[in-house]
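Readers should treat all values here as calculations from the given coordinates under stated rules, not as data from a laboratory. What you are looking at is a predicted structure, and each value in this text was computed from that prediction instead of being measured. For neighbour counting, all protein chains shown are included, and Cβ atoms are generated from backbone atoms with ideal geometry for every residue, glycine included.
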Amino acid sequence: MEKEHILLLIFSFFVLKPTSRAHDDCLPASCSSSEPEVRFPFRLIGRQPAQCGFPGFDLSCDQQDQTILQLPSSLPYVVNRISYLEQAIYIDPGFCRPNRIVGLNVTDTSFGYSNFLMESYTFYNCSQNYSPRYLDVPFPCLGSGNYSVIARRTDFVYPGIGTLNCDVMKTIEVPVQPTGGDIRVALELMWFTPYCKACEREGKVCRLKSDDGRTICVSSSSGKGISRGAKYGLSIGIGVPAFICIIGLACYASSKTRDHNSTHNQSIDLSSVANVPQPVSRTGLDTPTIESYPKTVFGESCGLPNDDGTCAICLSDYKLKESLRTIPECNHYFHSECIDEWLKLNATCPVCRNTPESSTLVTSCC
């Protein structure tokens, strides 16, 4: 009964231990090990509860385990990086993806542009012999062997572009830096509410304080780590195999103990074979056959034929005037009382294990 209690305690420790507090649900998460860390004000749909994020800051994972930002009235964008200190999120404009030559609309969202200007760009489908000019932005990913795609500022008009078989595909508004920049690189979106820069500078993180949107700073140690779901997974993944191993070890130890006790209780003292009846069935010789084997008194002759002065059963040296008996077929000698008891239980010679010829076997059971 004590063993069952111990196993129950071990099971409770490994499997039932992960009972974390509510704030553990808001530990950072990510779509994969190579993806950005997601924490307040963002939250990862399906991996973090709603209270872990600020309204309008929901992210998700796609089938390729990429982090996705879905803005109202816009297509989903892949998130490349998040800077919580600068309060900026960098998204891939995704022009190379099918049907992605569209403008980015941040109206009625939690995000805006900082130090960015909205510029109009026109995308052209040109013949293959067109050579991009200065300030043209080529998009090889959108072209093919028969044509190429370029983009240029709409207000930058080069004469003769129509004569080079360049057709207008689409004109869109794109945020660019005032000093210019490549529209193919990640776009930087800023957020200003909630304001958590002060917390980040102190090495802390933001948390929602109440439903009215107010935030507080908490220690970063409570904001980093693995989620409660991951803890459950680790606990089950490690605890259950460990519990099974412990059960196996306990059963093995119990089995070894039983085997040891059984062996100890069933061990036979050969020196007492002549005095203690064996509780198992044995096949030996009958008494007349044993009595027919020759007897001699040690010391009455010059020596034993096999020149052996020790009884192989009791391992004692022969003494003068002790009675010995020999098995005729193999000529091995033993103390009479030792070999008599032996042959009642075994029909073979203790030394050579040969069975005497013309022996009458009997089965005795006690």
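Exposure proxy check: Val137, Val102, Val79, Val174 ranked by fewest other beta carbons within 10 Å? Mind showing how you got there, number by number?
Values: Val137 17, Val102 14, Val79 23, Val174 20.
By the 10 Å Cβ count, ascending: Val102, Val137, Val174, Val79.
Taking other Cβ within 10 Å of each residue's Cβ, how do Glu291, Glu322, Glu35 sort, fewest first? Working shown, then result.
Values: Glu291 11, Glu322 16, Glu35 20.
Placing the least packed residue first, the sequence is Glu291, Glu322, Glu35.
Assuming R0 = 30 Å, what is the FRET efficiency of Ser219 and Thr109, from their Cβ-Cβ distance, to the nearest 0.05? Before the final figure, lay out each step's value.
Details: r = 30 Å, r/R0 = 1.01.
So, using R0 = 30 Å, E works out to roughly 0.50.
When Arg258, Arg152, Arg39 are ordered from fewest to most other Cβ atoms inside 10 Å of their Cβ, what list results?
Numbers: Arg258 10, Arg152 20, Arg39 24.
With the fewest neighbours first, Arg258, Arg152, Arg39 line up as Arg258, Arg152, Arg39.
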